[in-house]
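The values are calculated or read from the model by the stated rules, or taken from the named source; none is laboratory data. Everything numeric here is computed off the predicted structure, so don't read it as measured data. Don't worry about glycine lacking a Cβ; one is built from the backbone with ideal geometry, like all the others, and counts go over all protein chains shown.
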Amino acid sequence: MINLIQLLTTGVSVGVIYGLIAVGFVLIYKSSQIFNFAQGEMVMVGAFLMWTFLVAVGTPLWLGIILVFGIVGLAGYGLERFPLRPMIGQPILATIMITMGIAVFLRGLAILLWASNIDIKFPSFVTERMINVFGIPLSNVMLGSFFFALILVVALSLFFAYSRTGLHMRAAAENHQLAQSMGIRVTRAIAQSWAIAAIVSTAGGFLLGYMRGIDFGLSEIGLIAMAAALVGGLESFKGAMLGGVIIGVAETLTGCYIGHGLKEVVPFVIMVFVLIYKPYGLFGLERIERV
Amino acid sequence: MRRVSGVFDTSYFQDMMVFRTKYHLVGIGTLIAAFLMLPIFAGDFWLAFISTTAVTVIALQGLNILSGYCGQISIGQTAFMAVGAYSSAILAGRFGLPFWLCLPCAGLGAGLVGMLFGLTSLRIKGYYLALATIAAQFIIIYMIKTPFPEITGGAIALHVPDVTVGGFIFETETHFYYLIIAFTILMTFFAKSLMRSHFGRAFIAIRDNDIAAEAMGMNLYRYKLLAFFIGCFYAGVAGSLWAAYARVISPDDFTLMNSIWQMGMLIVGGLGSTLGPFFGALFIKLLNELCVVAGPFITSIIPQIGAQLSASLVEMSFGITIVLFLVYEPRGIAHRWEILKESYRMWPFSY
């Protein structure tokens with residue numbers, strides 16, 4: 001029983017990070033109707049960058065976080081300017097392949113810069129120990145990353161609900177033309193959403209890298225996060241979080257009870273079933289098409 | 001379709017001809033003859049290069065039918081290739097079937113598996129379908145890797161028995177070269193013919209607007225599933241040829257990255273054109289070879305970069321190529337080729 005509860009808590013804390021990355025994914029989809037297949041590579045590059053600053057350069061944690069978030073934010077802002085702005089109004093396959101092109105490029109860049117650093121880890125900022133919460137032993141690292149991810153998501157939700165920039169971005173997501181006629185700069189809103197998504201995925205990469213080490217496998221998280229976003233419905237932040245938790249728990253449970261090989265495909269099996277039975281996810285908008 | 005000056009079409013049949021003038025026939029004949037003569041001049045390296053490229057071209061023709069003509073985005077083509085490769089290898093290895101029987105069986109198997117995943121296309125499209133095919137990619141590779149390792153060889157490798165047709169054993173690079181080239185010509189001919197028939201027109205109608213196509217009385221389910229079947233059949237044939245050629249297959253030959261590469265090749269070559277797969281596969285493969293050669297060269301000049309440069313260059317150049325093509329020439333090299341031909345015909349009044 002205690003084993004099951006531990007598994008569930010592990011699943012939830014991993015799932016919250018998946019959810020966090022899925023939120024970045026939803027953000028881009030909402031503002032520009034682009035599926036960002038490069039999300040996983042952003043997670044990976046973010047984690048490697050963070051490692052470079054914290055370990056190779058040796059900056060303190062707070063400065064490292066500010067610097068890396070600034071760099072990836074600028075990079076995300078720049079990405080909108082070059083390959084993505086010409087993609088407005090292009091067919092879906094073009095937008096898919098352009099993000100995949102970015103993904104392959106980022107992977108190549110990561111190979112060039114970090115391939116020689118095998119088996120690297122973040123320095124431990126806190127000593128890991130078990131805390132009893134209502135009689136359940138929980139690792140403080142896990143709890144910490146759980147709350148960090150949760151705070152980020154809540155902050156993002158508040159940002160979208162109340163801040164002026166957030167409202168602009170939501171308006172741009174609703175309808176580009178209408179937003180433009182209300183005096184909102186749609187391109188800037190999209191650029192901002194890419195910047196925020198890059199920062200959010202870097203945060204996710206940092207947390208995941210802290211928990212399981214930094215390697216090129218981190219890029220697979222992008223596809224898992226995509227499954228999470230799909231389960232929740234592509235238009236909803238709370239759906240993305242919930243989807244992340246569902247996927248995380250399902251993954252840990254199958255990993256323990258059925259087999260390690262199946263653990264890697266469980267997100268995709270869930271994804272196929274969601275696609276067949278409820279393509280618009282739990283909280284997504286159902287679109288009605290007319291000719 | 002513009003003709004050379006002095007050639008006029010007087011019937012619909014003439015208008016639809018693939019080889020309208022005798023220069024077309026001479027040109028294609030020369031090209032095929034050149035490919036058949038190549039083993040006399042070229043070394044094994046270039047024969048191997050062309051063989052692997054030609055296998056990719058076959059898979060790309062299938063992907064082109066599925067994604068380029070019918071508009072059903074599939075990012076799992078190499079998984080269907082894996083189905084073909086493994087079923088061909090298992091049929092030959094465990095049941096001792098001859099190669100000429102394995103190959104169509106591999107195509108059929110891959111086509112049926114493709115149809116199974118294509119079922120999702122009845123409810124979803126666009127991004128969602130792309131995600132479903134990515135899921136197919138992972139699920140198929142998992143099925144190969146984990147549940148039946150004694151049959152599929154698991155995650156490590158599966159040895160493929162020698163290919164024999166009527167007592168003749170395919171051994172050398174040249175033998176495989178002829179085998180693969182023959183199939184490439186056959187499959188390309190089949191693809192071209194199919195896309196000129198009413199199937200091709202139906203596919204294009206579905207690509208352009210599937211609801212409108214349905215309203216005009218097309219059976220969407222039938223045509224979408226057919227597109228998946230044909231596209232994956234091609235993948236299966238390509239996989240079977242690849243298994244025969246490579247002798248050893250492993251799940252690592254058929255990853256999601258490979259599928260993305262194939263889609264990228266198709267984009268570079270040009271979607272919705274029979275020539276596109278040739279241009280795309282050749283362009284990207286040549287670019288790869290260039291990077292593999294250039295990497296060590298640059299490292300020898302600036303040793304600080306490290307030995308991973310060529311691996312990194314391969315990926316980065318591919319990413320940049322896709323992005324540049326999508327932004328500046330979304331219709332691919334095939335479109336440029338058409339423009340070139342046009343301006344050649346209209347010379348000196350080309351614009």
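Out of all the residues in the range A:162-174, is one or more more than 14 Å from chain B (Cβ to nearest Cβ), over 23 Å from A:Leu27 (Cβ atoms), surrounded by 16 or more Cβ atoms within 10 Å (Cβ to Cβ) and over 20 Å from the mean Cα position of the chain (by Cα)? Checked the range A:162-174: no residue is more than 14 Å from chain B (Cβ to nearest Cβ), over 23 Å from A:Leu27 (Cβ atoms), surrounded by 16 or more Cβ atoms within 10 Å (Cβ to Cβ) and over 20 Å from the mean Cα position of the chain (by Cα). Regarding B:Lys125, is this residue of a type in the set (D, E, K, R), farther than 17 Å from B:Ser51 by Cβ and within 14 Å of chain A (Cβ to nearest Cβ)? Taking the combined requirement at face value, the residue satisfies it.
Here is a check on your reading of the model: is A:Ala103 more than 10 Å from chain B (Cβ to nearest Cβ), modelled with pLDDT of 90 or more and either part of a loop (DSSP other than H, G, I, E, B) or within 21 Å of the chain's Cα centre (by Cα) (or both)? The answer is no for A:Ala103. Count of the range B:128-146 residues, restricted to those that are facing chain A (nearest Cβ under 7 Å) and under 13 Å from B:Ser74 (Cβ atoms), is 6.
Only one of the listed residues (A:Phe206, A:Phe160, A:Phe216) is within 23 Å of A:Arg287 (Cβ to Cβ) and either in contact with a helix residue (DSSP H, G or I) (Cβ under 9 Å, 6 or more places away or on another chain) or free of Cβ contacts under 8 Å to residues at least 12 places away in the same chain (or both). That residue is A:Phe160. Among the residues of the range A:193-218, the one identified as within 14 Å of chain B (Cβ to nearest Cβ) and modelled with pLDDT of 85 or more is A:Phe216.
In this structure, is B:Phe45 over 29 Å from B:Ile180 (Cβ atoms), out of contact with any Ser or Thr (no Cβ under 6 Å at 6 or more places or on another chain) and aromatic (Phe, Trp, Tyr)?
Working: over 29 Å from B:Ile180 (Cβ atoms): no; out of contact with any Ser or Thr (no Cβ under 6 Å at 6 or more places or on another chain): yes; aromatic (Phe, Trp, Tyr): yes.
So B:Phe45 does not fit the description; no.
Can you work out which of the residues in the range B:296-307 that are more than 10 Å from chain A (Cβ to nearest Cβ) and not hydrophobic (A, V, I, L, M, F, W, C) is nearest to A:Ala115 (Cα to Cα)? Among those that are more than 10 Å from chain A (Cβ to nearest Cβ) and not hydrophobic (A, V, I, L, M, F, W, C), it is B:Gln304.
Cβ-Cβ distances below 9 Å connect the following pairs, each with a first residue in the range B:186-200 that is free of Cβ contacts under 8 Å to residues at least 12 places away in the same chain, a second residue that is not in a helix (DSSP H, G or I), and a separation of six or more residues or different chains: B:Ser193/B:Val18.
What's the total number of residues in the range A:208-246 that are in a helix (DSSP H, G or I), charged (D, E, K, R) and over 26 Å from A:Asn175 (Cβ atoms)? So that I can check it myself, show each step before the final result.
Narrowing the range A:208-246 to residues in a helix (DSSP H, G or I): A:208-212, A:216-232, A:237-246.
If we keep only those that are charged (D, E, K, R) as well, we get A:212, A:220, A:238.
From what's left, over 26 Å from A:Asn175 (Cβ atoms): A:212, A:220.
Looking only at that region, the number is 2.
Entry remark, the range B:202-246: residues being more than 18 Å from B:Cys105 (Cα to Cα) and of a type outside the set (A, V, I, L, M) number 12 in total.
Here is a yes/no grid of residues against (1) in a loop (DSSP other than H, G, I, E, B); (2) at pLDDT 90 or above; (3) over 15 Å from the mean Cα position of the chain (by Cα); (4) surrounded by 13 or more Cβ atoms within 10 Å (Cβ to Cβ):
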{"residue": "B:Met1", "(1), (2), (3), (4)": "yes, no, yes, no"}
{"residue": "B:Val7", "(1), (2), (3), (4)": "yes, no, yes, no"}
{"residue": "B:Asp15", "(1), (2), (3), (4)": "no, no, yes, no"}
{"residue": "B:Val18", "(1), (2), (3), (4)": "yes, no, yes, no"}
{"residue": "B:Leu31", "(1), (2), (3), (4)": "no, yes, yes, no"}
{"residue": "B:Ala48", "(1), (2), (3), (4)": "no, yes, yes, yes"}
{"residue": "B:Ser51", "(1), (2), (3), (4)": "no, yes, no, yes"}
{"residue": "B:Thr56", "(1), (2), (3), (4)": "no, yes, no, yes"}
{"residue": "B:Gln61", "(1), (2), (3), (4)": "no, yes, no, yes"}
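Taken residue by residue, the range B:241-253 has at least one member that is in contact (Cβ under 8 Å) with a residue 24 or more places away in the chain, surrounded by fewer than 23 Cβ atoms within 10 Å (Cβ to Cβ) and either within 12 Å of another protein chain (Cβ to nearest Cβ) or of a type in the set (Val, Ile, Thr) (or both). The criterion of being surrounded by fewer than 20 Cβ atoms within 10 Å (Cβ to Cβ) and in contact with a strand residue (DSSP E or B) (Cβ under 7 Å, 6 or more places away or on another chain) holds for B:His159. Would it be correct to say that B:Leu266 is of a type in the set (A, V, I, L, M, F, W, C), touching a Pro at 6+ places or on another chain (Cβ under 8 Å) and within 21 Å of B:Lys285 (Cβ to Cβ)? Yes: the conditions hold for B:Leu266.
Selection of the range B:308-351 for residues being facing chain A (nearest Cβ under 10 Å) and exposed (fewer than 13 other Cβ atoms within 10 Å of the Cβ) yields only B:Tyr328. Scanning the range A:106-158 for residues that are surrounded by 18 or more Cβ atoms within 10 Å (Cβ to Cβ) and part of a loop (DSSP other than H, G, I, E, B) yields a single hit, A:Phe122.
So, in the range A:1-34, how many residues would count as being part of a loop (DSSP other than H, G, I, E, B) and touching a Gly at 6+ places or on another chain (Cβ under 9 Å)? Walk me through it before giving the result.
Here is the first cut: in the range A:1-34, the ones part of a loop (DSSP other than H, G, I, E, B) are A:1, A:33-34.
So of that shortlist, the ones also touching a Gly at 6+ places or on another chain (Cβ under 9 Å) come out as none.
Residues meeting the conditions: 0.
Summed over the range B:300-331, the residues that are more than 18 Å from A:Met87 (Cβ to Cβ) and hydroxyl-bearing (Ser, Thr, Tyr) give a count of 4. Cβ-Cβ contacts under 6 Å between residues 6 or more apart (or on different chains), taken from a first residue in the range B:44-62 that is more than 21 Å from B:Ala235 (Cβ to Cβ) to a second residue that is part of a helix (DSSP H, G or I) and hydroxyl-bearing (Ser, Thr, Tyr), are listed as B:Leu47/B:Tyr177. If the condition is being more than 12 Å from every other protein chain (Cβ to nearest Cβ), without any contact (Cβ under 8 Å) to a residue 24 or more places away in the chain and either acidic (Asp, Glu) or surrounded by 16 or more Cβ atoms within 10 Å (Cβ to Cβ) (or both), then the range A:255-285 contributes only A:Gly255.
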